[in-house]
């Protein structure tokens, strides 16, 4: 069995037969540990049955493989710097602040492959399961955004003959298994599909476990959720396990005309990968075009890092980080920005003296 097949089988057994179940990361570690051994048939064909069957065991700490040779792979971005692949991304906010509209815009660009506000997009299919909005509202939203469903963008709402299934339903998992590259699943909203108390850690953890298993297949999950009225629920309502279970979480707020889609702010309050802490997107309804701006009237961190590269084309990473520290942007943020921008295709590298990496703005030649 391939490692992916072993992992899928162990996750299934863990979910249904282990009480309490192991964390998914622990199950993945077990599967990858097993996967390091040469399969019996291949081992026999290469060396014969008399070979010592324990030769592949780690017998010394010094023999441990590096993470890069076992599991590490570069972060992929569906939309550069905003939507990482194989992850759970939450969009939360108050009612009427365009959370679902932002989710629709992100999947619209993803399914078309069109750049989003100048950011590189990796084309992927998407499915929206929607228990929040009636068909006329969704149709109006799509028309305003210049989008249509079908042809890789599928919408399963309450207006269909059958209610949208649970995110872990067989028909959804079958679609994900058949789709390459792995698609995007939008869940609108958490409380509508949870069918339980959002303050219950047990119920929330079980639901988020399903979403994590979907993300582990390579799919990307966008979870739409609500924020509350109290200070402790300003970013999201419910159990702290909600925030703990997602990879990136944005608070969405309308900062323009309260009666129309004009200017929407995304503020990241949880991020396991490097994303902009705050982004403002402006929408031109006449042309159905999005543009990125900044609500404070100053350059974003991304713009400031890009300015360093534009002023110093061909700079090395050490010098880039030194300048970033001088400008009080932070060494770690500078390093993460270079990595995420390289993955997104907005920064390219060339080899210089002594094979040193040199960084430039722009795509690879």
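Points to keep in mind about this one:
- Among the residues of the stretch 1-20, the ones that are in contact with a helix residue (DSSP H, G or I) (Cβ under 7 Å, 6 or more places away or on another chain) and either under 18 Å from residue 36 (Cβ atoms) or touching a residue at least 24 places away in the same chain (Cβ under 8 Å) (or both) come to 5 in all.
- Of the numbered criteria (1) out of contact with any helix residue (DSSP H, G or I) (no Cβ under 9 Å at 6 or more places or on another chain); (2) buried (at least 19 other Cβ atoms within 10 Å of the Cβ), the one residue 247 fails is (1).
- Within the stretch 14-63, the residues that satisfy the criterion of being surrounded by 10 or more Cβ atoms within 10 Å (Cβ to Cβ), over 30 Å from residue 241 (Cβ atoms) and at pLDDT 65 or above are 36, 37, 38, 39, 57, 58.
- Of residues in the stretch 137-184 being under 19 Å from the mean Cα position of the chain (by Cα) and exposed (fewer than 14 other Cβ atoms within 10 Å of the Cβ), the one farthest from residue 112 (Cα to Cα): 177
- Across the stretch 116-136, the qualifying residues are those that are free of Cβ contacts under 8 Å to residues at least 60 places away in the same chain and part of a strand (DSSP E or B), and the one among them that is nearest to the chain's Cα centre (by Cα) is 121.
- Residue check for residue 202: within 23 Å of residue 25 (Cα to Cα), assigned to a helix (DSSP H, G or I) and out of contact with any helix residue (DSSP H, G or I) (no Cβ under 7 Å at 6 or more places or on another chain): yes
- Inter-residue pairs, beta-carbon under 8 Å, first without any contact (Cβ under 8 Å) to a residue 12 or more places away in the chain and in the stretch 170-197, second crowded, with 16+ Cβ neighbours inside 10 Å and in a strand (DSSP E or B), 6+ apart: none
- Qualifying residue in the stretch 102-112 (condition: surrounded by fewer than 15 Cβ atoms within 10 Å (Cβ to Cβ) and at pLDDT 95 or above): no
- Residue match in the stretch 160-170 (condition: in a loop (DSSP other than H, G, I, E, B) and closer than 26 Å to residue 268 by Cα): yes
- Subset of the stretch 61-104 [part of a helix (DSSP H, G or I) and more than 30 Å from residue 227 (Cβ to Cβ)]: 61, 62, 63, 67, 68, 69, 70
- Screening 144, 123, 178 for residues that are over 18 Å from residue 86 (Cα atoms) and not assigned by TED's automatic domain parsing to the domain that holds residue 348 leaves exactly one candidate, 144.
- Just one of the numbered conditions (1) in contact with a strand residue (DSSP E or B) (Cβ under 7 Å, 6 or more places away or on another chain); (2) at pLDDT below 95 is not true of residue 219: (2).
For (1) in contact (Cβ under 8 Å) with a residue 24 or more places away in the chain; (2) over 24 Å from residue 125 (Cβ atoms), each residue gets a yes or a no:
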position: 202; (1), (2): no, yes
position: 208; (1), (2): yes, no
position: 211; (1), (2): yes, no
position: 225; (1), (2): yes, no
position: 229; (1), (2): no, yes
position: 254; (1), (2): yes, yes
position: 276; (1), (2): yes, yes
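- Residue in the stretch 64-86 that is buried (at least 18 other Cβ atoms within 10 Å of the Cβ) and closer than 26 Å to residue 195 by Cα present: yes
The values are calculated or read from the model by the stated rules, or taken from the named source; none is laboratory data. Note that this is a predicted model, so its numbers are computed, not measured. Neighbour counts are summed over all protein chains in view; Cβ atoms, including those assigned to glycine, are modelled from backbone coordinates with ideal geometry.
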